[in-house]
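Only one structure is covered here, and it is reproduced in the block below.
The values are calculated or read from the model by the stated rules, or taken from the named source; none is laboratory data. The shown structure was predicted, so the numbers you read here are calculated from the model rather than taken from an experiment. Counting neighbours? That spans all protein chains shown, and the Cβs are built from the backbone with ideal geometry, glycine included. Heavy atoms of the whole protein, side chains included, go into the accessibility calculation; ligands, DNA and RNA do not. Shrake-Rupley method; radii C 1.70, N 1.55, O 1.52, S 1.80 Å.
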Amino acid sequence: MLMDLLAPYKPRISGHTELRFQRNGARGVGLLKGNIVNNSSSESSGLSARVYKGGFWGFASGSEYDAKAVEAVLAAAERNASFLNERLGSPKPPFKALAGGSASSKVTEVTDSEQKVFLDFAKEVDGYIAKKYPGLTSRSVSLRSDYIEKLFITSDGADGYSLIPRTFLYVDMTAMADDGSPIDLYEVFGGAGFFADRFGDPAGLFAGIDAHHEKLMRKREGVFAEAGSHEVILDAKLAGILAHEAIGHTVEADLVMGGSVAGPYHGKLVASEMVGLVDFANTAMGAETPQPIYVDDEGTLAEDAVIIKDGVLTGFMHNRETAEHFGHKPEGNARAYAFSDEPLIRMRNTAILPGESKVGDMIASIDDGYYFIQWNNGQADLTSEFMFGVVEGYEIRKGRLGRALRNTTISGVAFDMLKTVTMLSDDMDWTSNGMCGKKQPLPTGMGGPAVKCRVNIGGR
């Protein structure tokens, strides 16, 4: 756990002041056809302070961590806030005080592994693939781990400590189809925790790798989806990226103030009445979320933010400032990536809520459609219009899964597409291996059940 040099300043800071020390670490190795293409390790740490005065923020940061550095960043943040307030002021009142609280994550010790451990593990996985599947035209194995550790106090009396690690192994295989085109498919193993928490003997992954290769071979013999509007099932990974990209960003309150479509939709029906969507703080369905946030970087104790309830858009995600603007309650969505970053309104663990159906029954209910499982890229904008690439999927013919599909795309307007939802599975899955890129990269979780709906398919 980080050494606490901040606690003595708790009775000395006033107004709205945040003081944070943070350490970020990352480690990774990558192999392409057995050749090392990445071998990296990094760590950064530092201190920051932020002061709110008369409607303006003053921010300062530095890489030192001692009493002198704390005094310096506090003084610099105060000067910056005062300067802006004096030169630009149309003063606003201070924030309403929040009850101070204390919250800490369950993980409290960094248990990073040496670089050689990472490299040896990746080499053994790669060696297994190379030996068992020599017919592949390409293969890549990447092992990546990162963590964000924070210690902070605020003038409201809040304090907190968090340590959020995650580790993932990415396996990508390419085979040549009979028509001469390369067929590619990737899989991700791992999740929350340090390397030693997630991985032991590489042989424990071999069954999963074999299953992945089998999917690739089916895709190699696959067909192209038919272009047009179709009834489909989006599996949990696609439900998650839809919740995050196409809905989540539109309801971040700073983007609502910037003109997001969600503004005029607040309080209106935007989805089927069976649809619910929540940005979970730290626990969902009785288990800890992939990115558990117990208190945010403004000192707000984290609560779940209910975005859609019974199909109605009921809420936004806020920081302290936008919550006061809209007259809503802040629920802990202000997050910063590095010590030198100011907190922004960010998602934590955004998911569509599960329903009551079994996936098998959902498939059986479709006479002619598709089951889409894995995505690889995409985009969405503040109108909720989206387009995602789909790299794994299957035909549904007369209520049964059919042939595998080659790559395609799906698109639509999320707030329209959600109105076509007719079934939701009773299970739920999370993904958290990427970064959200809103000005600062930041780990987030996203998830959902399988979703039966209608979307536009790009075809070949």
* Asked: Inside region 114-128, can you point out the residues that are out of contact with any helix residue (DSSP H, G or I) (no Cβ under 8 Å at 6 or more places or on another chain) and either closer than 30 Å to Asp178 by Cβ or open to solvent by 30 Å² or more (accessible area, probe 1.4 Å) (or both)?
  -> Glu114, Gln115, Lys116, Asp120, Lys123, Asp126, Gly127
* Asked: Looking at (1) open to solvent by 30 Å² or more (accessible area, probe 1.4 Å); (2) out of contact with any Leu (no Cβ under 9 Å at 6 or more places or on another chain); (3) of a type outside the set (Phe, Trp, Tyr); (4) over 25 Å from Leu216 (Cβ atoms), which is the only condition Gly412 fails?
  -> (1)
* Asked: Which number in (1) among the aromatic types (Phe, Trp, Tyr); (2) open to solvent by 40 Å² or more (accessible area, probe 1.4 Å); (3) over 30 Å from Phe21 (Cα atoms); (4) within 22 Å of the chain's Cα centre (by Cα) marks the one condition that Phe189 misses?
  -> (2)
* Mind checking which helices (runs of 4 or more DSSP H) fall wholly inside region 210-296 and carry at least 2 residues that are open to solvent by less than 10 Å² (accessible area, probe 1.4 Å)? => 236-241
* Structure fact -> When region 262-292 is checked residue by residue, the ones that are β-branched (Val, Ile, Thr) and touching a helix residue (DSSP H, G or I) at 6+ places or on another chain (Cβ under 6 Å) are Val270, Val275
* **Subset tally (residues that are hydroxyl-bearing (Ser, Thr, Tyr) and within 14 Å of Asp159 (Cβ to Cβ)) for region 12-29** => 1
* Complete set of residues in region 185-207 that are under 27 Å from Ile410 (Cα atoms) and without any contact (Cβ under 8 Å) to a residue 40 or more places away in the chain -> Glu187, Phe189
* **Scope region 134-156; condition buried (at least 16 other Cβ atoms within 10 Å of the Cβ) and part of a loop (DSSP other than H, G, I, E, B); matching residues** => Leu136, Ser155, Asp156
* Members of region 443-456 that are open to solvent by 10 Å² or more (accessible area, probe 1.4 Å) and within 18 Å of Val413 (Cα to Cα) -> Lys452, Arg454, Asn456
* How many of the residues making up region 169-184 are under 28 Å from Ala338 (Cα atoms) and surrounded by fewer than 20 Cβ atoms within 10 Å (Cβ to Cβ)? -> 1
* Residue by residue through region 1-11, note down the ones that are under 12 Å from Phe152 (Cβ atoms) and over 28 Å from the mean Cα position of the chain (by Cα). => Asp4, Leu5, Leu6, Ala7, Tyr9, Lys10
* Asked: Which residue out of Glu392, Glu324, Glu342, Glu331 is surrounded by 20 or more Cβ atoms within 10 Å (Cβ to Cβ), in contact (Cβ under 8 Å) with a residue 40 or more places away in the chain and not in a strand (DSSP E or B)?
  -> Glu331
* Can you name every residue in region 366-382 that is in a loop (DSSP other than H, G, I, E, B) and touching a strand residue (DSSP E or B) at 6+ places or on another chain (Cβ under 7 Å)? -> Ile366
* Determine whether region 30-45 contains at least one residue that is within 19 Å of Arg335 (Cα to Cα) and surrounded by 15 or more Cβ atoms within 10 Å (Cβ to Cβ). => yes
* Tabulated pairs, region 101-129, first within 18 Å of Tyr147 (Cβ to Cβ) and in contact (Cβ under 8 Å) with a residue 60 or more places away in the chain, second of a type outside the set (Val, Ile, Thr) and surrounded by fewer than 17 Cβ atoms within 10 Å (Cβ to Cβ), C-beta under 8 angstrom, 6+ apart or interchain -> Lys106/Glu288; Thr108/Met1; Glu109/Met1; Thr111/Ala196; Thr111/Asp197; Ser113/Ala196; Gln115/Asn39; Gln115/Ser41
* Asked: Is there any pair with a first residue in region 407-432 that is more than 15 Å from Ile366 (Cβ to Cβ) and a second that is open to solvent by 50 Å² or more (accessible area, probe 1.4 Å) and among the aromatic types (Phe, Trp, Tyr) whose Cβ atoms are under 7 Å apart and which are 6 or more apart or on different chains, and what are they?
  -> Thr408/Phe224; Phe415/Tyr265
* Somewhere in region 435-458, is a residue within 17 Å of Ala227 (Cα to Cα) and either among the aromatic types (Phe, Trp, Tyr) or outside any strand (DSSP E or B) (or both)? -> yes
* **Hey, Lys131 basic (Lys, Arg), more than 30 Å from Ala177 (Cβ to Cβ), out of contact with any strand residue (DSSP E or B) (no Cβ under 7 Å at 6 or more places or on another chain) and assigned to a helix (DSSP H, G or I) or not** => no
